[in-house]
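Right, one structure below, let's go through it.
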Amino acid sequence: MHALYISLRSEFYKSRKTLAFWAAILLPLIICGLISSGFYYDAEKIIAGHYPPILLWARYSGASLNVMGFLIMPFYVIFMAFSVNNIEHKNDTWKMLFAQPLQKFSIYSAKYLYAILLIFICLFLFATLTFAFGHLLQLMVPKFNFDQYNPLKILINSYTKLFLASLGILSLQFIFSLLWSDFLKPMGIGFVGTIMGIITANIGWKYAYLNPYSLPTLALRITKVKQGDDPLAFPVFTQEIWTSLIYASVLFIIGYFIVTKKSIK
């Protein structure tokens, strides 16, 4: 555990000035800020719609969820997976990294866990800022009815699903970024995979869940709940989530064998 902690701290110091790190903080701030600004300036039109509190929260939180889940999230994960390993590629420090008196598995696990941590921070900030900005809008426009419904369960379930669904993409792109040092190959494959994933998920192909790039889109589909329950209190561990976790587990092991071979070059 001590070796893992040292490696994690090293990853933070190496990447704290990179775009991948700051994007985890700035993306939620910018997107939630823009959506909140839109709600503020269109307040009269929205109020005229007489939305029930639950639907108002669904519309407000759904705006950032749809933008993030269907478009930005897959590309952010692809770029971030490349950036974490590109530090070693760019400086040609793989051999030096594994020459440290630390277990190879700890070094590799730290890189992978750091990538997961960046995704978690990004989505945690999305959920937190959505909740906070919604109540800020209530203070600025008292005619809104955000204060009449607690959206925490919706936000926690939605962003937990999106987080878990992204692990399959992360694990696959992590391997690509280990295999290739150039930007175009992993990003190109990721871009094509994401487009294919969105298409296969939206046309309702029954095997779309086998494509890791389609899992974030599938995870945000409206799921049926039991009669009488909160219509937005959907289950988290659905088919696409289990698929993502299986991909993540298998590819994590494969990636370790790849990186150990790279260390002896």
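Where a number appears in this text, it was derived from the coordinates with a stated rule and is not lab data. On a predicted model such as this, the values are computed, not experimentally measured, just so you know. Please note: Cβ atoms are built from the backbone with ideal geometry, for glycine as well, and neighbour counts cover all protein chains shown.
Rounded to the nearest 10 degrees, the angle from helix 152-179 to the longest Cα principal axis of the chain is 30 degrees. By the count of neighbouring beta-carbon atoms within 10 Å, fewest first, Glu44, Glu11 end up ordered Glu44, Glu11.
The alpha carbon centroids of the stretch 43-65 and the stretch 181-204 are separated by 32 Å.
3J(HN,Hα) along the stretch 241-254, derived from phi through the Karplus expression 6.51 cos²θ - 1.76 cosθ + 1.60 where θ = phi - 60°, amounts to 6, 4, 4, 4, 5, 5, 4, 4, 5, 5, 5, 4, 5, 4 Hz, with x in place of Gly and Pro.
Taking the stretch 100-203, which trypsin sites (Lys or Arg not before Pro) meet the DSSP loop condition and have no more than 10 other C-beta atoms within 10 Å?
On the way: sites: Lys104, Lys111, Lys143, Lys153, Lys161; in loops: Lys143.
Loop-located and lightly packed - Lys143.
From helices alone, the chain scores -25000 deg cm²/dmol at 222 nm; the rule is -39500 (n - 2.57) for each run of n ≥ 4 DSSP H residues, then divide by the residue total.
Assign one of three labels to the chain, namely rounded, prolate or oblate, based on the Cα gyration tensor with a ≥ b ≥ c the square roots of its eigenvalues; rounded applies when a/c is under 1.5, prolate when it is not and a/b is larger than b/c, and oblate otherwise. Here the chain falls in the prolate category.
Helix 104-140 versus the longest principal axis of the chain: what is the Cα-based angle in degrees, 0 to 90, to the nearest 10? That helix lies at roughly 20 degrees to the long axis.
Derived scalar couplings between HN and Hα for the stretch 46-59 equal 5, 4, 5, x, 6, 6, x, x, 5, 6, 5, 5, 5, 5 Hz in order, rounded to whole Hz, by the Karplus curve 6.51 cos²θ - 1.76 cosθ + 1.60 (θ = phi - 60°), x for Gly and Pro. A simple count of charges around Leu218, restricted to other residues whose Cβ falls under 14 Å of its Cβ and scoring Lys, Arg +1 and Asp, Glu -1, yields +2. Within the chain, which is the longest segment that contains none of the chymotrypsin sites (Phe, Trp or Tyr not before Pro) sitting in a DSSP loop with at most 14 other Cβ atoms within 10 Å? It runs 1-182.
Couplings for the stretch 193-201, taken from phi via the Karplus curve 6.51 cos²θ - 1.76 cosθ + 1.60 with θ = phi - 60°, read x, 5, 4, 4, x, 5, 5, 5, 6 Hz in order; Gly and Pro are left as x. Here the relative contact order of the stretch 23-263, from alpha carbon pairs under 8 Å that lie six or more residues apart, stands at 27 percent.
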